[in-house]
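A.B. asks: Just passing along the structure, written as structure tokens.
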Amino acid sequence: MSGTSKDTSGADGTAAEQIAALRAEIVHHEHLYYVMDAPVLTDAQYDRLVNQLKALEAEHADLVTPDSPTQRVGGKPKEGFAKVAHSRPMLSLDNAYNEEELRAWADRVRGALHPNDVLEFVCEYKLDGLSLALHYDASKHGGSSLQRGITRGDGAVGEDVTSNVRTIRSVPLAVSADKLKVAGLPASFEVRGEVVMPQKAFEQMNREREAAGQSAAANPRNAAAGTIRTVEPSIVSQRRLDYYAYFLLRDGEFLLPTQRETLAALNAAGFKTNPYARTVSSIDDVIAFIADAETKRDSLGYEIDGIVIKVNAVAQQRRLGFTGKAPRWAIAYKFPARGAVTKLLDVLFQVGRTGKLTPVAALAPVGIGGITVARATLHNPDEIARLGVRIGDMVAVERGGDVIPKITEVVSTADDSKPIVFPTHCPKCKEPVIRAEGEIDFRCVNASCPARLSEELLHYASRGVMNIEGLGEAMVAQLLGHPLNDPVSLADVEAPDAPMSLDARDAEMVENSDATSAEEPTRNALVHTVADLYDLKAEDLLTLERVGPKTAESLIAQIERSKQAPMYRVLLGLGIRHVGERTAQDLANTFGSMDAIMTATEEELVQAEGIGPIVAKTIREFFAIDKNRGLVEALRAAGLQFTAEKKVVGTALAGQTFVLTGTLPTLTRDEAKARIEAEGGKVSGSVSKKTTHVVAGEDAGSKLDKARELGVNVLDEAGLLQLLG
Ligand code: IVH
């Protein structure tokens, strides 16, 4: 434990004092860990402090404040993210793509200033994330606390994503009075900066998404942007977003006279600023800074796509002003794309959980930006047609911020080049593949295809589904008695220190030319369907390699525990195409039981909120297949949850969807919602054709207009109470 912190475990004083001391200590260590990247406590020591605080707060609920470090993950926003106007527009930057453009910009800047003005530039890394404004205001117990986090949106109006921003550990929930003083900040101020998803967090997120049968995010920026708009703060919290601050405003004006002082003040107040920022006084120094950044770029642990150069003095910034959407006083130097030209040796096919065949380019290995690239995505048949690419061609390959390199064009073709042919039969199970009308992709429709089963098991066990710890790739491979699909992931963009020959990888992939190389199981499979997991005994697992009694017992216990997972997770676990978490929840809420969903007609399914005709059709198709119904019955027999937890007492409003708007005379919105739901009705946030009633109170707004436009029945509170009986 650090010398500056005192041990509060046995501290005297009132509960309030103990809580305050613990909080200060935890905030201090979080700052060391998340902002300074220099922790002094072990995880266990830190957890102990947090647990002490949680225990005290549990005893003294009245002392819990929103800026307590225990309160990062709170409730989700009630009605989506509210739109909020920015105090001053959040602008974008003009780009420079080479030294010449950069020098031209500097000349324009120089020309617009007085001849004897001293010109300095602050060079900052251009973090590849999304910009976000944080608003702080005076809090009751001195200091400031975070009030709001707002996305850039269209620059003028953003979305209030505070509940998610609070989960970002490098965003202080509060700034103490002491820190405000040291930093020279008023109690009310605004910080602007960039939310990024560090490389490691990004890789973990994609592993989880892939295991859950969801598409992987292409790059950390998309992942960060998607995460910040996720409606479930606990999920955002797991994603480990990071925040780097770069501007400090008050009432829409820069607070301090220079950018350098701004970064220093942000730092002093406890915000994370990028440690590589430098102030320089000539464009030659800027160019040297860029060259240095390019050498660091691949080992930062987060993506940068260039350098932002800002005129340091705010007085000079004012003189320079703006052009349309961007300031004249700053410019973004964009790094050139990292690319190379290499030969397309072959095209391999990967069979996903839903049976989709994805073509993957096998390339003659080539170094791009410190990484050896031997694989590139070809997405789908349309992409192959668009590129006009053939096996044997020389192709241009680019690594943007994206994980999987892309083929951007054919550079030259060879006389002996061959067309890329999609297999007519699944390369894994040899059953015919189909391309449904109107669909781009080819699919293996054999539900027992071994390639699909391994993906299905991983999906079933993943955190967002049944959360069966210990049932990862290695275990699944053992249970199935054969090696898994080679996933197309970061593994294909191998680091130089982990070389793996192309040949070794090819052995794991199924080749284009050879649709008959389905692997023979190397031993008997213990599991043939997801439901077989529930028949496993510890003794069975002990027959596997590297599985001792402890591992076996714990996996069996985890599998047993999964029987308690709510019904929507079971539904999600079935791996029905288009049925993600949200849809599974909607279905469970509307229908209440697995049987009701299994027997619902397409017409009944589309009545449910969030279910469109395509999803309804896929659900029907899924349950029409004997094998799938057999799986469901096996899961029922194993004792999984087949009814939704929701306490529906009556059915007076079953199948009806309500939208509440305005203030009702006696019921609060939550009460009205609870009462509607207790009678089997659904409450939605927006009016659509599926809405059966709009309940309007005083000051009802656009939802009422929409209801009238769509001819939806409009009720007042009395009308609702009548329906409720
Ligand atoms: S300054 C008007 N500084 O790049 C000033 N932006 O292309 C605009 N960005 O929207 C922001 N790192 O999302 C600034 N150190 C940095 C940045 C940065 C990344 C992003 C930001 C902005 C975009 C402009």
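The values are calculated or read from the model by the stated rules, or taken from the named source; none is laboratory data. Everything numeric in this text was worked out from a predicted model, so none of it was measured. Positions of Cβ are generated from backbone atoms using ideal geometry, with glycine treated the same way; all protein chains shown enter the neighbour counts. Side chains are part of the model used for accessible areas, which takes the heavy atoms of the whole protein and leaves out ligands, DNA and RNA. Shrake-Rupley method; radii C 1.70, N 1.55, O 1.52, S 1.80 Å.
A.B. asks: For Ala616, only one of the following conditions fails: (1) out of contact with any Lys or Arg (no Cβ under 9 Å at 6 or more places or on another chain); (2) more than 26 Å from Thr651 (Cα to Cα); (3) surrounded by 14 or more Cβ atoms within 10 Å (Cβ to Cβ). What is its number?
C.D. replies: Failed condition: (2).
A.B. asks: Now for a separate question. Only one residue in Val659, Val632, Val687 is open to solvent by less than 60 Å² (accessible area, probe 1.4 Å) and within 30 Å of Ser562 (Cβ to Cβ), so which one is that?
C.D. replies: Numbers: Val659 fails: within 30 Å of Ser562 (Cβ to Cβ); Val687 fails: within 30 Å of Ser562 (Cβ to Cβ).
Criteria check complete, one pass: Val632.
A.B. asks: Hey, another quick one. In region 381-397, how many are out of contact with any strand residue (DSSP E or B) (no Cβ under 7 Å at 6 or more places or on another chain) and not hydrophobic (A, V, I, L, M, F, W, C)? Break it down stepwise before answering.
C.D. replies: Looking only at region 381-397, we keep the residues that are out of contact with any strand residue (DSSP E or B) (no Cβ under 7 Å at 6 or more places or on another chain), and these are 381-383, 385-386.
With not hydrophobic (A, V, I, L, M, F, W, C) added as a condition, the list becomes 381-383, 386.
Residues in region 381-397 being out of contact with any strand residue (DSSP E or B) (no Cβ under 7 Å at 6 or more places or on another chain) and not hydrophobic (A, V, I, L, M, F, W, C): 4 in total.
A.B. asks: Check Asp298 against each of (1) touching a residue at least 40 places away in the same chain (Cβ under 8 Å); (2) within 15 Å of the ligand (Cβ to nearest atom) and name the one condition it does not meet.
C.D. replies: Of the numbered conditions (1) touching a residue at least 40 places away in the same chain (Cβ under 8 Å); (2) within 15 Å of the ligand (Cβ to nearest atom), the odd one out for Asp298 is (2).
A.B. asks: Taking into account only those residues within region 521-536 that are open to solvent by 40 Å² or more (accessible area, probe 1.4 Å) and touching a helix residue (DSSP H, G or I) at 6+ places or on another chain (Cβ under 7 Å), which is farthest from Gly630 (Cα to Cα)?
C.D. replies: So the residue we want is Leu526.
A.B. asks: In region 134-166, which residue that is on the phi > 0 side of the Ramachandran plot and within 16 Å of the ligand (Cβ to nearest atom) is surrounded by the most Cβ atoms within 10 Å (Cβ to Cβ)?
C.D. replies: Residues of region 134-166 on the phi > 0 side of the Ramachandran plot: 142-143, 153, 155.
Subsequent filtering for residues that are within 16 Å of the ligand (Cβ to nearest atom) retains 153, 155.
Details: Gly153: 17, Gly155: 14.
Ranking the qualifying residues of region 134-166, first place goes to Gly153.
A.B. asks: Also, quick follow-up: Any residue at all in region 226-245 that's more than 11 Å from the ligand (Cβ to nearest atom), open to solvent by 10 Å² or more (accessible area, probe 1.4 Å), without any contact (Cβ under 8 Å) to a residue 40 or more places away in the chain and in contact with a Lys or Arg (Cβ under 9 Å, 6 or more places away or on another chain)?
C.D. replies: Yes; the residues of region 226-245 include at least one that is more than 11 Å from the ligand (Cβ to nearest atom), open to solvent by 10 Å² or more (accessible area, probe 1.4 Å), without any contact (Cβ under 8 Å) to a residue 40 or more places away in the chain and in contact with a Lys or Arg (Cβ under 9 Å, 6 or more places away or on another chain).
A.B. asks: Further question: Taking region 325-357, which residues are more than 12 Å from the ligand (Cβ to nearest atom) and in a loop (DSSP other than H, G, I, E, B)? Write out each step before concluding.
C.D. replies: To start, the set of residues in region 325-357 that are more than 12 Å from the ligand (Cβ to nearest atom) comprises 335-357.
Those that are more than 12 Å from the ligand (Cβ to nearest atom) and in a loop (DSSP other than H, G, I, E, B): Phe335, Pro336, Ala337, Gly352, Arg353, Thr354, Gly355.
A.B. asks: Moving on to the next point. If the requirement is being open to solvent by 60 Å² or more (accessible area, probe 1.4 Å) and either touching a strand residue (DSSP E or B) at 6+ places or on another chain (Cβ under 7 Å) or closer than 29 Å to Thr668 by Cα (or both), which of these qualifies: Lys54, Lys83?
C.D. replies: Sole residue among the options that is open to solvent by 60 Å² or more (accessible area, probe 1.4 Å) and either touching a strand residue (DSSP E or B) at 6+ places or on another chain (Cβ under 7 Å) or closer than 29 Å to Thr668 by Cα (or both): Lys83.
A.B. asks: Let me ask something else about it. Residue under question is Val395, and the condition is that it be in a strand (DSSP E or B), more than 16 Å from the ligand (Cβ to nearest atom) and over 28 Å from the mean Cα position of the chain (by Cα); does it hold? Let's see the steps before the verdict.
C.D. replies: On the way: in a strand (DSSP E or B): yes; more than 16 Å from the ligand (Cβ to nearest atom): yes; over 28 Å from the mean Cα position of the chain (by Cα): yes.
Yes, satisfied.
A.B. asks: So how many residues does region 255-266 have that are within 14 Å of the ligand (Cβ to nearest atom) and either under 19 Å from Arg318 (Cα atoms) or open to solvent by 10 Å² or more (accessible area, probe 1.4 Å) (or both)?
C.D. replies: Filtering region 255-266 down to residues within 14 Å of the ligand (Cβ to nearest atom) leaves 259-260, 262-263, 266.
Narrowing further to those that are either under 19 Å from Arg318 (Cα atoms) or open to solvent by 10 Å² or more (accessible area, probe 1.4 Å) (or both): 259-260, 262-263.
Qualifying residue count, region 255-266: 4.
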